[in-house]
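Below is one structure, written out as structure tokens; comments come after it.
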Amino acid sequence: MAKPFAYSLMAERGDAIDRLDIQFRWGGYGFRVLRCHLATFAPGKIVRFHKHSEYEFHFIPRGKGTVILDDIVYPLQEGVFYLTGPNVLHQQEADAREAMDELCLHIDIVPMKESEDEASWGDPWERHEAESCINALNGLPLRPHVDQYNAMSWFLTAYRAWNEGQPGAFSTIKQAIIQILLRASRMSSEPSLTFEPPSRNMNEHRFRIATQFIHDNYAQPLTLQEVAERIPISARQLQRIFREQGEESFSAYLENHRLAQVCSAIVEGQHSIEHIALEHGFASSNYLYYVFKKRFNMTPRQFRIQHTSVNNSSEMDDH
């Protein structure tokens with residue numbers, strides 16, 4: 001009994017993805033999918049010599065035949081693929097007695113300039129992977145290869161994403177196309193480019209996580225131990241990181257941030273000092289008075305009066 005054809009679903013609407021005009025950027029390249037479909041060639045069918053200025057991948061999921069590349073005839077059978085393009089003259093023929101199926105990815109790949117925003121926010125991992133992939137594809141020997149890294153299965157992933165029509169379908173199709181390219185490129189004779197991935201300064205990274213957690217939760221009771229557990233590291237290690245990053249201590253940083261928020265609230269003048277104290281993490285207005293007087297040598301009310309008079313003077317100067 002013949003086993004079910006894994007790609008039969010794609011035969012229901014063969015041009016489904018071809019109609020979508022899929023375009024995306026990956027690293028330093030733009031990609032436009034011209035065709036991504038399953039085609040069936042009847043026994044003896046010949047696709048005469050032709051070429052494309054783009055890249056065209058041919059995967060054979062079922063059947064057999066031949067392809068002529070650079071005047072050499074190569075046999076085709078289930079589980080192989082070959083790349084033609086750009087500008088590779090080729091002719092394909094199905095076996096005289098047996099039909100042949102082909103999964104075709106015809107894709108235009110264009111180098112793109114890097115913008116200033118991308119330079120500051122881009123991902124060097126992604127740019128390196130895209131660059132390595134395209135270089136490897138350009139070095140892929142002009143002959144059929146066994147699909148030993150299972151690139152073929154990603155055609156079905158892309159088709160299912162379209163067929164199911166769920167949120168995220170475009171992203172899934174994009175990633176499926178990238179996987180086809182990456183897995184095919186691993187058969188290249190070109191060596192992979194060496195790359196030293198960017199690594200974090202872990203103390204800076206932990207300090208950033210800790211301070212962001214403080215900013216998000218400063219109005220609640222916070223302890224050094226609680227914040228350290230969120231990273232997670234020991235309380236002693238976190239205290240050392242705060243001092244290393246130029247802060248006096250965890251408690252000093254927390255208090256400074258609370259006071260900065262209190263000062264802004266006082267100047268806005270929409271709430272009482274008592275309300276502001278409780279809203280910004282101080283146990284009572286009396287404690288806020290104590291901390292404020294010690295830090296600024298004035299009470300919160302004096303601070304409000306002083307900044308109200310400064311603002312009023314500025315408004316008069318504008319008139």
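Among the chymotrypsin sites (Phe, Trp or Tyr not before Pro) in segment 130-202, those located in a DSSP loop and surrounded by at most 16 other Cβ atoms within 10 Å of their own Cβ are Y149, F195.
With contacts taken as Cα pairs under 8 Å and at least 6 residues apart, the chain reaches a relative contact order of 13 percent.
Using the Cβ of T172 as centre and a radius below 10 Å, the other residues enclosed give a net charge of +1, where K and R count +1 and D and E count -1. Apolar share of the accessible surface for the chain: 48 percent from carbon plus sulfur atoms, 1.4 Å probe.
Normalised by the number of residues in segment 8-186, the average gap of Cα pairs under 8 Å and 6 or more apart makes the relative contact order 25 percent. Surface exposure of the chain, expressed per residue as accessible area with a 1.4 Å probe, stands at 58 Å². Could you compute the net charge surrounding L38? Neighbours are other residues with a C-beta less than 12 Å from the C-beta of L38; K and R count +1, D and E count -1. Overall, the nearby charge balance is -2. In summary, the lysines within cross-link reach of K64, defined as a Cα separation below 23 angstrom excluding same-chain residues under 8 places away, comprise K3, K45, K51.
Rounded to the nearest 20, the size of the Cβ-charge dipole of the chain about its Cα centre is 720 debye, with Lys and Arg at +1 and Asp and Glu at -1.
Annotation: extensible slack from S8 through Q148 equals 48.3 nm (criterion: 0.36 nm per residue apart, minus Cα-Cα distance). Shape summary of segment 128-254, radius of gyration then Dmax from alpha carbon positions: 23.9, 67 Å. With a Förster radius of 51 Å, plug the Cβ-Cβ distance of T223 and S189 into 1/(1 + (r/R0)^6) and report the FRET value to the nearest 0.05. Efficiency at R0 = 51 Å is approximately 0.30. Calculated mean residue ellipticity at 222 nm for the chain: -13500 deg cm²/dmol, from DSSP H runs with n ≥ 4 weighted as -39500 (n - 2.57), summed, divided by the residue count and rounded to 500. From the Kirkwood radius over Cα pairs of segment 76-149, Stokes-Einstein at 37 °C and 0.692 mPa s returns a whole-number translational diffusion coefficient of 211 µm²/s.
Counting only lysines at least 8 places from K113 when in the same chain, those with an alpha carbon closer than 25 Å to its own are K174. Within segment 202-312, the percentage of alpha carbon pairs spaced more than 18 angstrom apart rounds to 52%. The trypsin sites (Lys or Arg not before Pro) of segment 145-220 that meet both conditions, a loop assignment by DSSP and at most 13 other Cβ atoms within 10 Å of the site Cβ, are R200. Relative to the globular-protein estimate of 2.2 N^0.38 Å, the Cα radius of gyration of the chain stands at 1.63.
If you wrap segment 51-186 in the convex hull of its Cα atoms and look at it from every side, the mean projected area works out to 9.6 nm².
The values are calculated or read from the model by the stated rules, or taken from the named source; none is laboratory data. What you see is a predicted model; the values in this text were computed from it and never measured. Positions of Cβ are backbone-derived with ideal geometry, glycine not excepted, and every protein chain shown enters the neighbour counts. The protein model used for the area step is the full one, side chains on, heavy atoms only, and it has no ligands, DNA or RNA in it. Shrake-Rupley method; radii C 1.70, N 1.55, O 1.52, S 1.80 Å.
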